[in-house]
Structures are given as C-alpha cells and as structure tokens.
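These notes concern the structure reproduced below.
Each reported figure results from applying straightforward, stated rules to the coordinates on display, with no laboratory input. Note that the structure is predicted; figures quoted are calculated from it, not measured. Positions of Cβ are generated from backbone atoms using ideal geometry, with glycine treated the same way; all protein chains shown enter the neighbour counts.
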Amino acid sequence: EDKVVQSPLSLVVHEGDTVTLNCSYEVTNFRSLLWYKQEKKAPTFLFMLTSSGIEKKSGRLSSILDKKELFSILNITATQTGDSAIYLCAVPDSGTYKYIFGTGTRLKVLA
Amino acid sequence: DSGVTQTPKHLITATGQRVTLRCSPRSGDLSVYWYQQSLDQGLQFLIQYYNGEERAKGNILERFSAQQFPDLHSELNLSSLELGDSALYFCASSVVAGTYNEQFFGPGTRLTVL
C-alpha cells in the first residue's frame with residue numbers, strides 16, 4: 001500500500017534556528033512529491049519535486065528529493081515566527097490521481 | 001487568496017442530518033478535489049472530479065457523495081451525519097487532472113455535528 005510518513009511530528013525551535021523536516025514515501029510508480037504549508041486555514045503550495053526537478057529553493061526554504069532512498073527534506077533556514085505552521089507533504093498514489101498526504105510536521109518558532 | 005471558494009464557512013448540525021458543501025474552483029481549473037481533515041486523521045483524500053467526470057476515489061464513505069456540474073463548481077453531500085464526521089472539509093482545484101499539477105486549496109468548511 002502506498003504511504004507517506006513525515007517526521008518529526010512536532011518541532012519547537014527559536015527564531016534564527018535552521019530546521020529540517022522529513023518526508024519518506026512508498027509508492028510503486030513515483031511521479032511527484034509536493035510540499036504544502038498549512039497555517040490556520042488552507043494548505044498553500046510550496047514546492048513540487050519530480051524526477052526532473054529534485055531540488056527547489058525559494059528564499060529561506062529549500063527542498064531536495066532523494067529518489068533512491070525514497071525521501072524528501074524541507075529545510076528552513078533563519079526561521080521566523082511566521083514559519084510556524086503545519087508542513088505537509090503529498091505524493092500521488094501509484095495507479096490514480098489520488099494524493100496521499102502525510103500527517104504533517106507541526107513547527108512552532110518561538111521569538 | 002487561492003481563488004478557490006467554499007461555502008459555507010462553518011456548519012453546525014445534528015446527527016442524522018444531511019448537508020451540502022459547495023466549492024467553486026479557480027477560474028480555468030477543470031479538476032476539483034475534496035479532502036477531509038480531522039485532528040487525528042490528517043488530510044484524507046475523498047474524491048476527485050475532472051471536467052464533470054469522477055476521476056479518482058479515496059476513502060469516501062457511502063453516506064457521502066459528490067458531483068461536479070457543467071459550470072465546474074462541485075458539491076459534496078454528506079448524509080446520515082455522525083459525530084465522527086465533524087471535521088474541516090477542503091476543496092482544491094488544479095488546471096488538469098494529472099500528477100504534475102499544483103493543487104490550490106479553498107479556505108475550507110468546518111462541519112460540527114452535535
């Protein structure tokens with residue numbers, strides 16, 4: 001069965017720290033992996049990683065995909081209180097367009 | 001603002017009742033997805049439509065049904081509601097139905113079943 005596991009479940013850091021969030025996946029036919037940030041309401045898109053795009057960067061956020069070891073990491077450098085959110089990763093399952101989401105990592109950044 | 005709209009924002013109802021949640025996708029998006037998010041379950045995929053046709057189905061209960069109309073808006077119908085159906089229901093849309101497309105999420109409908 002296809003699945004997505006995120007770790008850690010929860011993380012508390014101080015402003016300025018660097019964090020690394022993990023997402024491991026098991027799908028028979030990998031196509032893409034997406035990262036989302038969810039604050040109080042709807043998830044907002046951060047990155048999409050595919051076989052042809054295994055590294056993405058936007059400001060203080062960056063993500064890489066390791067297709068051999070079946071995981072992705074999301075790095076946030078110089079964290080700010082505004083980075084406090086739940087970070088979700090998702091992959092489409094092997095046979096359909098159904099997206100499987102991990103349970104998320106809850107990040108809290110303290111001032 | 002993602003451009004996806006959902007109504008109502010909040011819904012409080014009693015067990016056994018039936019409710020309809022509405023979603024309008026972003027302009028130009030043909031695909032609509034429905035998700036359920038509860039505290040202990042995370043974000044669970046329910047169903048996807050593409051241009052009016054059902055494209056993928058997740059762990060959607062038989063008491064739940066959905067459809068996408070010719071104007072591309074979608075409705076999720078939940079019937080014989082139970083306490084456990086209390087959750088945040090999100091709609092998302094994307095341009096097409098493929099797996100290389102970003103999904104844009106609406107603000108969600110919070111359903112409380114008493």
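Dividing the Cα radius of gyration by the Kirkwood radius, what Rg/Rh value follows for the protein assembly as shown? It would help to have the intermediate numbers written out before the result.
Numbers: Rg = 17.4 Å, Rh = 18.0 Å.
Rounded to two decimals, Rg/Rh equals 0.97.
Dipole of region B:44-113, Cα-centred, from +1 at each Lys and Arg C-beta and -1 at each Asp and Glu C-beta, to the nearest 20 debye? Please list the in-between numbers first.
Details: 4 positive and 8 negative charges, 25 e Å.
In total the dipole reaches around 120 debye.
If the limit is 31 Å between Cα atoms, which of A:Lys41/B:Lys57; A:Lys3/A:Lys37; A:Lys68/B:Lys9; A:Lys108/B:Lys57; A:Lys57/B:Lys57; A:Lys41/A:Lys68 go over it?
On the way: A:Lys41/B:Lys57 24 Å; A:Lys3/A:Lys37 19 Å; A:Lys68/B:Lys9 42 Å; A:Lys108/B:Lys57 34 Å; A:Lys57/B:Lys57 33 Å; A:Lys41/A:Lys68 34 Å.
The pairs that break the limit, which is 31 Å between Cα atoms, are A:Lys68/B:Lys9; A:Lys108/B:Lys57; A:Lys57/B:Lys57; A:Lys41/A:Lys68.
How many nm is it between the label spots at B:Lys9 and A:Glu55, if each spot is 7 Å from the Cα in line with the beta carbon?
In this crude label model, B:Lys9 to A:Glu55 measures out at 4.3 nm.
Shape call for chain B from the C-alpha gyration tensor, a ≥ b ≥ c root eigenvalues: rounded (a/c under 1.5), prolate (a/b greater than b/c) or oblate? Intermediate values should be presented prior to the final figure.
On the way: a/c = 1.72, a/b = 1.68, b/c = 1.03.
Prolate, since a/c reaches 1.5 and a/b exceeds b/c.
Check A:Asp17: other-chain or 5+ apart residues with amide H under 5 Å from its amide H, H built from backbone geometry?
The list, which skips near neighbours in sequence, is A:Thr79.
Once you have all Cα-Cα distances for region A:50-90, histogram them in 5 Å bins from zero and send the whole-percent values.
All Cα pairs considered, the percentages come to 6, 18, 30, 24, 13, 7, 2.
Report the net charge of residues surrounding B:Gly42, where surrounding means a beta-carbon distance below 14 angstrom and charges are Lys +1, Arg +1, Asp -1, Glu -1. Mind dumping the intermediate values first?
Numbers: positive: A:Lys3, A:Arg106; negative: B:Asp40.
Residues near B:Gly42 contribute +1 overall.
Rank B:Leu78, B:Val4, B:Gln67 by how far each Cα sits towards the positive end of the charge dipole of chain B (+1 on Lys, Arg Cβ; -1 on Asp, Glu Cβ) and give me just the farthest.
Selected residue: B:Leu78.
Quote the relative contact order of chain A in percent (integer), defining contacts as alpha-carbon pairs under 8 Å separated by 6+ residues. Please list the in-between numbers first.
On the way: 278 pairs, mean separation 41.8, N = 111.
Relative contact order of chain A: 38 percent.
Treating chain A as a set of equal point scatterers at the Cα positions, no solvent, please give the Debye-formula log₁₀ I(q)/I(0) at q = 0.13, 0.14, 0.16 Å⁻¹.
Normalising to I(0) and taking log10 leaves -0.44, -0.51, -0.67.
If R0 is 35 Å, what FRET efficiency do you get for A:Leu70 and B:Asp1 from their C-beta distance, rounded to 0.05? Write out the running numbers ahead of the final one.
On the way: r = 35 Å, r/R0 = 1.00.
Approximately 0.50, to the nearest 0.05.
In debye to the nearest 20, how big a dipole does region A:1-76 give about its Cα centre with +1 on each Lys and Arg Cβ and -1 on each Asp and Glu Cβ?
Here region A:1-76 has a charge dipole of around 280 debye.
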